Each structure stands twice: as structure tokens, then as C-alpha cells.
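A short write-up of the structure that comes next.
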Amino acid sequence: MKTPGDPDLELRGRLIRSLGSLREMLPGSFVERKRACGRPNCRCADGKSLHSQYQISVLIDGKPKALNIPAQLAELVREKIEMRRRFDAAAATICGLNLKRFLKAKEDRQA
Ligand SMILES: [Zn+2]
């Protein structure tokens, strides 16, 4: 029979182990723009059936950049950028747990 452990440590362990699956994460945000290509006889000329342009909006050396992505890679890139969000959320939770544990340990030492 497994002894019940510290739920905080179990959660931290679970989060740490989940980070490996996020190793292909990408920075920035995923952007989908609608645009007309300008060709007069294209389907987009009506102003409604616009083309999708996919981009990664990201800071490179502190400067904002918009990097174009081919449509066939758009879904993949969207997922990789979502990985970054999950990575950050996991890191924030781990830091919160560690801070709580640190403050608790400090208190116990002073008691
Ligand atoms: Zn067009």
C-alpha cells in the first residue's frame, strides 16, 4: 500500500515530469490575418473571401517581429506556441508551491 504523500510535492513532481513534452515550444503569439492579395480577378476581390496569412508575433533582440508561416504549418505552430503558455503556467505553479514551502520552513525555523 502506498503511503499518502505531500500533495504539493506530488503536484510539483507531476508538473516537472510534464515539461519534457513541451520541449518543442515556440515563443511569441500566433496571429491569423485576413488580407486581400490585390489581384483584381481573385476570389478575394469581393472583400469577403479573404486569404489567411499566419504569423508568429515575437520579440527578437527586443524588437517586435512578425514572421510569416506557411498555411500547412499553421496548426503545428499554433500548438507549439500553446506549449509555451502551458510551460509558463507550470513554472508559475511550481514557483508558488516552492515559495509556500520556503515560507513555511522559515517559520518553523523561527518557532
Ligand atoms: Zn486574392
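The values are calculated or read from the model by the stated rules, or taken from the named source; none is laboratory data. Everything quoted here is computed from the prediction, not taken from an experiment. FYI the Cβ positions are ideal-geometry reconstructions off the backbone, even for glycines, and counts take in every protein chain you see. Accessible surface is based on the protein model in full, side chains and every heavy atom, while ligands, DNA and RNA are left aside. Shrake-Rupley method; radii C 1.70, N 1.55, O 1.52, S 1.80 Å.
For Leu73, the conditions (1) touching a residue at least 24 places away in the same chain (Cβ under 8 Å); (2) under 16 Å from Met25 (Cβ atoms) are fulfilled apart from (1). Which of the residues that make up the range 22-46 are in contact with a Ser or Thr (Cβ under 7 Å, 6 or more places away or on another chain) and open to solvent by less than 90 Å² (accessible area, probe 1.4 Å)? Gly28, Ser29, Val31, Glu32, listed by residue number.
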